[in-house]
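What follows is a short report on a single structure.
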Amino acid sequence: MEQKEEQMGLTVKKSDDFNEWYNQVVLKADMIDYSLVSGCIVFKPNSYAIWEKIQKAFNDKITKSGHKNCYFPMFIPESLLKKEAEHVEGFSPEVAWVTRAGDTELNEKLAIRPTSETIMYESYAKWIRSWRDLPLLLNQWNSVVRWEFKHAKPFLRTREFLWQEGHTAHSTKEEAEKEVMQQLFEYVDLIENYMAIPVIAGKKTDKEKFAGADYTTTVEAFMPDGKALQMGTSHMLGQNFAKVFGIKFLDKDEKEKFAWQTSWGLSTRTIGAIVMMHGDDKGLVIPPRLAPVQIIIVPIVFKENKEPIIAKAKEISKKLKARNYSVELDDRDGYTPGWKFNEWELKGVPLRIEIGPKDVASEQLVLVRRDTSEKQTIKINDLEKKVEQVLDEIQNSLLKKAKEYLKKSVIEAHNFNDFANAVKSKKMAKALFCGQSECETLIKDKAEGATCRCIPFEQKPAKGHCVQCGKEAKSWAVFGKGY
């Protein structure tokens, strides 16, 4: 048993070699497998179940606001993809093409979906005729393929990944802008209150915005290895695509007008963020609201008292399942309780229940928190109340800890030397900025590749001069290295 335990556990500390630690966690916690296709991973049940929980939480949100799910083809004719010039230029290095079917050369190349604006908006132009057809509020859950990248990293940077992409059309600019912000803050709620990861919400610079958009809003997190991670984006597309694709409607005043559009997306990179933000030297730590298994019950048995302990463990499992908790009972033979503890800790199960002969005799059991390893003995009669309380405490504690980390990771820099030192010391630099793309490029060259993560919505007066060029500042901006 000891040999198995040794093989199963992590061999590197998170603080010693973050990259190796991450790779070991996603493999040993049985989240992924590598495939024969370079840069593509297999989502095993332990990670796909987290994605399903994210899907459910977000679906519940957008359904309430009238959005409906649909599905469009993954193949996009070259002529369609090239319709919006700025859009295709932004994606052309990443597009994978289908040129042949069997032995037959295709008449027109087909792009494998890098994003769905073009294929969807061809249909929107047919469907939208009158103001009565608006707003059109659609979302799809699908995979996309983006071929160009430097280093593959499971969940964070892969050639194929899963996401949702919302695409809406509206009769007025105001309605579309309201939609952009509504969806961005749905992401804030999802990421903070389910994933327990705090984010900075703001606007991307023109240099960093989505290709073809008027502007892009974003939610940015900061990971323990000193890199920023874009967690979700919501784009104001304006009338750019509407004019290219002919998405027009007859308004109430009998005049023909172009629709105003938005798109917004969040992907499986958020699973990688959960691993990085909350994981420790024992493995995964999954927030209770997204944990595939929220509670693991480990009976501590001996030959002479096995049956009554297993019976009690099954009774506890049944009680908790009746309350809609996701529970597993680990009554496997041939494994010591210690080995089981390590396995379930590696997989990040938020709460462990231990029950042995003394516990059965005293009508009690032991609760063990995954995040702090704190143990408490409770009466079985208090089970449901205590489990609810402890799971809430874990969820809140993970967010609180992550918020403290984000707060100390954003350094206000008042000159370029302080700015560069902040980036060098694996922090994000918050500084006055003129907003010029040329300045952004110079900052990236001079500060170890730091990019403008966003111009936060929460702003104090931008009195002073740009940290790079010394011209009058327009706003405070957050810069950092990214994935």
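Derivation of every value follows stated rules applied to the coordinates shown; laboratory data play no part. Keep in mind it's a predicted model, so treat the numbers as computed, not measured. Cβ placement follows ideal geometry from the backbone for every residue including glycine, while neighbour counts extend to all protein chains displayed.
Indicate the gyration tensor shape class of the range 69-227 (rounded, prolate or oblate), computed on the Cα atoms with a ≥ b ≥ c the square roots of the eigenvalues: a/c under 1.5 is rounded; otherwise a/b larger than b/c is prolate and the rest oblate. Could you put the intermediate results ahead of the total?
Working: a/c = 1.92, a/b = 1.16, b/c = 1.66.
Here the range 69-227 falls in the oblate category.
Listed by chain and number, the aspartates and glutamates whose alpha-carbon sits under 16 Å from that of K61, ignoring those within fewer than 8 places in the same chain, are E52, E165, E179, E186, D189, E192. For the range 32-156, a/c is not less than 1.5, where a ≥ b ≥ c are the root eigenvalues of the C-alpha gyration tensor, and a/b does not top b/c. That puts it in the oblate class. D by Stokes-Einstein for the range 295-390, Kirkwood Rh over Cα pairs, 10 °C, 1.306 mPa s: 119 µm²/s.
Given their separation in residues at 0.36 nm each and the Cα-Cα distance between them, L36 and E20 gain 3.7 nm when the chain is fully extended. Restricting the GluC sites (Glu not before Pro) of the range 388-477 to loop positions (DSSP other than H, G, I, E, B) with no more than 13 neighbouring Cβ atoms within 10 Å leaves E448, E458. Between T441 and N324, the contour length at 0.36 nm per residue exceeds the Cα-Cα span by 37.0 nm. 3J(HN,Hα) along the range 223-232: 8, x, 8, x, 10, 7, 9, 6, 9, x Hz, from the Karplus curve 6.51 cos²θ - 1.76 cosθ + 1.60 with θ = phi - 60°, whole Hz, x for Gly and Pro. In this simple spin-label approximation, D60 and E363 carry label points 7 Å from Cα along the Cα→Cβ vector, and these lie 3.4 nm apart.
Which of the residue pairs K401/K446; K282/K358; K56/K427; K403/K460; K407/K471; K204/K444 have a Cα-Cα distance greater than 23 Å in the structure shown?
Check vs 23 Å cut-off fails for K401/K446; K282/K358; K56/K427; K407/K471.
Along its first, second and third principal axes, ordered by size, the range 197-350 spans 84, 41, 21 Å in Cα coordinates.
Once each part is reduced to its C-alpha centroid, what is the distance from the range 124-200 to the range 238-257 in angstrom? The distance from the Cα centre of the range 124-200 to that of the range 238-257 comes to 22 Å. Suppose we keep just the DSSP beta bridges with both residues in the chain; what percent of those would be antiparallel, to 5? In the chain, approximately 85 percent of DSSP beta bridges are antiparallel ones.
Counting 0.36 nm for each residue step from E393 to L250 and taking away their Cα separation leaves a gain of 46.1 nm. Count Lys and Arg as plus one, Asp and Glu as minus one, and take only other residues whose Cβ is under 11 Å from that of G226; the net charge is then +3. When 1/r is averaged over all different Cα pairs and the result inverted, which Kirkwood radius in Å belongs to the chain? Answer for the chain: a Kirkwood hydrodynamic radius of 24.9 Å. For a straight C-alpha distance cut-off of 16 angstrom, the lysines reachable from K109 (same-chain residues fewer than eight places away being disregarded) are K82, K83. Where does helix 437-446 land angle-wise versus the long Cα axis of the chain, in degrees 0 to 90, nearest 10? Helix 437-446 and the main axis of the chain meet at about 40 degrees.
Only the Cβ atoms of Lys and Arg (+1) and of Asp and Glu (-1) were treated as charged; on that basis the dipole of the chain about its Cα centre amounts to roughly 640 debye. Residues of the range 336-369 with an amide N closer than 12 Å to a point placed 7 Å from the Cα of E304 along the Cα-to-Cβ direction: none.
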